[in-house]
Amino acid sequence: MITGSPNTKQYTIVFNDITNDCNLRCVFCPSPFSGSKNNMFMNEELFQKVMTLLPLAPDGNFVLSCGFEPTIHPHFTELLKSIPMQYRRKVCFTTNLARRNLSDVLIEELSQSSLHHINISLDSFDAGVYESLRRGARFSDFINNLERLTRVFSRSCSAPPIRYITVVCRSNIDEVPSIVEKCAKQYLSAENEFRYFWITDRCDRQWVKDNTVTYEEWKDMANKLSKLPYRYSLAAAPGLSPPDPSSSSSEYDRFISEIQDPQKRAVHTIPPAPHALWIQSTGRVDVFGYDVHFDLNNISEPYDFFKNLLEILWLSTERANELRLFVAEALKLRGETAGRRLSEMESRIHGLKVERERLVDELSDIRSSFGYKLMRFYAPKIDRICPEGTMRGQLIRIIRRIISGEHNLPSSD
C-alpha cells in the first residue's frame, strides 16, 4: 500500500534499476556489468516494495531505470502496468531502444503509460558512427524501433514526452545541430540533452584521447545550438573532463590513474545530488553522500523506513546549514573585532606620531635657545670648576635640573 501526503519531505532524486546488465557495451558507459550469467532481474515482490517509495520523490525524479537497459527485463511490460496511476508522473526511465524487434505490446503500453518522460539514448543518425559508439547495437534495429515508437506515441494523448540524450565526443560533435533538428521535426522530441562522456577506469585510454572534445569545441557547439529554435540542455561541460587532446600521452595516463584513486576521483566527477537513493536490482539501496546501504528485501515497511531516514538526512543538512551560518557569523564578528582593534591601534599610533612631532619641535626650540647654547659651551669648564661632590657641583646640578624640568626633558645629568 502506497501512502504519502502533499507535505511529505522528498528525496532530491531516486535512481532505480530493474536489472544489472545491458544489451550493449557502449565505449563510454560508466556502468559495471555482471555479465549475463550473473544478471539479476528485479522480481515483482521487490518491485512492489520499490513502488511504495514513489511518494518520496518529486515528479519526474523517480528514475525507474538509468544505469542499465530496462527492456531486457523479461517482465518489463508487466512491471510498467503495475505502477500506480496516481504516481506515474513521478516516473521516468532511460533506454537505448536498440533491442532487436522491440515488441509492439511494450510500445503500446508505453504510449498509454502517462509517465513523466522517457529518455532515449541517441548519439548519431550516421549508422557507422552510431555503431562505433553503441557497441553491440545495429542502427537498423534502433531506427526501426524509434520510428514505430514515435508513430504510436503520436496517436496517444497519454504518451510520455520523449527526451533524447546524446553523449558528445569527437566523432559526433559536428552532427549535434542536425540531431536536434531531426529529432524535433521527425521524432517528437520534447528536449535534447547533450552530455560529455564520463571517464572511468573502464574507458580505453586511446579512445579517450581520440574522442576528447576541447572546451573551445564545446563552446562552439553551444553557440550553434543557441541559434536553433528547439529545446535543448547541456550537461557536464569538459571542465570536469580530461586534458586537451593536444596534451601529451603522459597527461592522459596521469588523468586515468587519478580517477582510479577514490580520493582524487571526485575532482573529475559531478557531485551527486543531496538526499538521493540508488536502488539496485538486487535490492541493495545506497544513500548518496553517505557510506551506508540497506537491503530492501529485509525491510518490511520500506516507505516508513526511508521516510524516517529522510527526516534524519534533512535534519543533518539543516544542522550543517546552521553550523555554516554560525561559522560565517563568528568569522564576521571576529572580523569586526579585529577591525575595531586595528582602528584603536591606528589611533594610538597617530597619537604617538603627533606627540613625537611635538617633542621634536620643542627640542629644536631648546637647542636653538641662547641658554642651551651657553650651557653646552661652558659645560666642560663648569665641570672642572665645580667638580662632583663639592658644594659648587651640587649647586650646578640643581640649576641643570630646573632648566630640564621647564622644557619637559630628561635631566641634563
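FYI, it's all coordinate maths here, none of it is from the lab. Every value quoted in this text rests on a predicted model; they were computed, and no experiment measured them. When we count neighbours, we look across all protein chains shown, and the Cβ atoms used for this are built from the backbone with ideal geometry, even at glycine.
Backbone phi angles across segment 217-227, fed through the Karplus curve with coefficients 6.51, -1.76 and 1.60 (θ = phi - 60°), yield HN-Hα couplings of 5, 5, 5, 5, 4, 4, 5, 5, 5, 5, 8 Hz in residue order; Gly and Pro are listed as x.
Across segment 113-189, the relative contact order, built from alpha-carbon pairs under 8 Å that are at least six residues apart, equals 46 percent.
Summarised in one figure, the compactness ratio Rg/Rh of segment 102-189, Cα atoms and Kirkwood Rh, is 0.98. Converting phi to 3J(HN,Hα) with the Karplus coefficients 6.51, -1.76 and 1.60 and the offset θ = phi - 60°, segment 112-126 yields 10, 7, 6, 5, 4, 5, 10, 9, 10, 6, 9, 9, 5, 9, 8 Hz in sequence order, with x at every glycine or proline. The gain in end-to-end length when the Arg100 to Tyr290 segment is fully stretched comes to 64.5 nm, 0.36 nm per residue minus the alpha carbon separation.
How charged is the neighbourhood of Lys307? Take every other residue with its Cβ under 10 Å from the Cβ of Lys307, and add Lys/Arg as +1 and Asp/Glu as -1. Neighbour charge sum, excluding Lys307 itself: -2. Taking packing as the residue-averaged number of other Cβ atoms within 10 angstrom, the listed peptides 187-197, 22-32 run from highest to lowest as 187-197, 22-32. Phi angles of segment 26-32 translate, via the Karplus equation with coefficients 6.51, -1.76, 1.60 and θ = phi - 60°, into HN-Hα couplings of 4, 5, 9, 5, x, 6, x Hz per residue; Gly and Pro are given as x. Annotation: amide H of Glu193 within the under-5 Å range of Tyr164, Ile165, Thr166, Ser233, sequence separation 5 or more or interchain, hydrogens built in the peptide plane. Report Rg/Rh for segment 152-197, rounded to two decimals, where Rg is the Cα radius of gyration and Rh the Kirkwood radius. Ratio value, two decimals: 1.05. Taking 22 Å as R0, compute the FRET efficiency from the Cβ-Cβ separation of Asp361 and Leu395 and round it to 0.05. According to the calculation, E is roughly 0.10.
Once backbone amide H atoms are built at 1.01 Å from N, Thr19 has Met42, Ser281 as its partners under 5 Å, excluding neighbours fewer than 5 places away on the same chain.
Averaged over residues, the count of other Cβ atoms within 10 Å places the peptides 42-52, 116-126 in the sequence 116-126, 42-52, highest first.
With the highest mean first, a sort of the peptides 103-111, 207-215 on other beta-carbon atoms found within 10 angstrom per residue produces 207-215, 103-111.
A simple count of charges around Val63, restricted to other residues whose Cβ falls under 11 Å of its Cβ and scoring Lys, Arg +1 and Asp, Glu -1, yields 0. For Cys26, the residues 5 or more places off, or on other chains, whose built amide H falls under 5 Å of its own are Arg135.
A simple spin-label model places the labels of His75 and Ser233 3.2 nm from each other, with each point 7 Å out along Cα-to-Cβ.
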